[in-house]
Amino acid sequence: TPTPPETEESVKAGLKQLQVELDGIKDKNKKGFNQALEKCPHLIDDDFLLMFLRTEVFHAGRAAQRLVSYWDKRIEIFGEAKAFMRLT
């Protein structure tokens with residue numbers, strides 16, 4: 001899928017739609033993401049969220065699922081003690 005041109009408006013709209021999609025996922029299905037919001041909200045900024053939108057060519061539903069899966073996998077790999085620390 002070709003990447004659409006990115007404008008300030010399209011980025012804002014994409015981030016807003018991503019939040020709508022995340023809000024639509026039941027809490028029981030996004031436990032890792034919710035833990036990250038609680039323990040390291042500074043890591044989940046717009047630039048971080050934009051990486052997921054770009055990966056999914058601004059399809060917010062797929063980006064939300066990828067983001068939730070990312071945090072689940074990060075916790076699985078690093079454990080809860082290290083999963084919420086900066087990786088670099």
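For the pair residue 46 and residue 69, the difference between a 0.36 nm per residue extended length and the Cα-Cα distance amounts to 6.5 nm. Listed by chain and number, the lysines whose alpha-carbon sits under 24 Å from that of residue 73, ignoring those within fewer than 8 places in the same chain, are 26, 28, 30, 31, 39, 82. Here is what passes the span test in the chain: the DSSP H helices with alpha carbon length of 27 Å or more along the helix axis and a Kyte-Doolittle mean of -1.0 or above are 60-82. Per residue, the chain exposes 67 Å² of solvent-accessible protein surface, assessed with a 1.4 angstrom probe and all protein chains in place. Surface composition of the range 1-54: carbon plus sulfur atoms hold 52% of the accessible area, using a 1.4 angstrom probe and ignoring ligands, DNA and RNA. Counting only DSSP H runs of at least 4 residues, each contributing -39500 (n - 2.57), and dividing by the residue count of the chain, the helix-based mean residue ellipticity at 222 nm comes to -22000 deg cm²/dmol. Straight Cα distances below 14 angstrom link residue 16 to the aspartates and glutamates 8, 45, 46, 47, with same-chain residues fewer than 8 positions distant left out. Rounded if a/c is under 1.5, else prolate if a/b beats b/c, else oblate: with a ≥ b ≥ c from the C-alpha gyration tensor eigenvalues square-rooted, which is the range 36-82? Oblate.
The values are calculated or read from the model by the stated rules, or taken from the named source; none is laboratory data. For clarity, every value in this text was computed on a predicted model and none was experimentally measured. Accessible surface areas use protein heavy atoms only, side chains included; no ligands, DNA or RNA. Shrake-Rupley method; radii C 1.70, N 1.55, O 1.52, S 1.80 Å.
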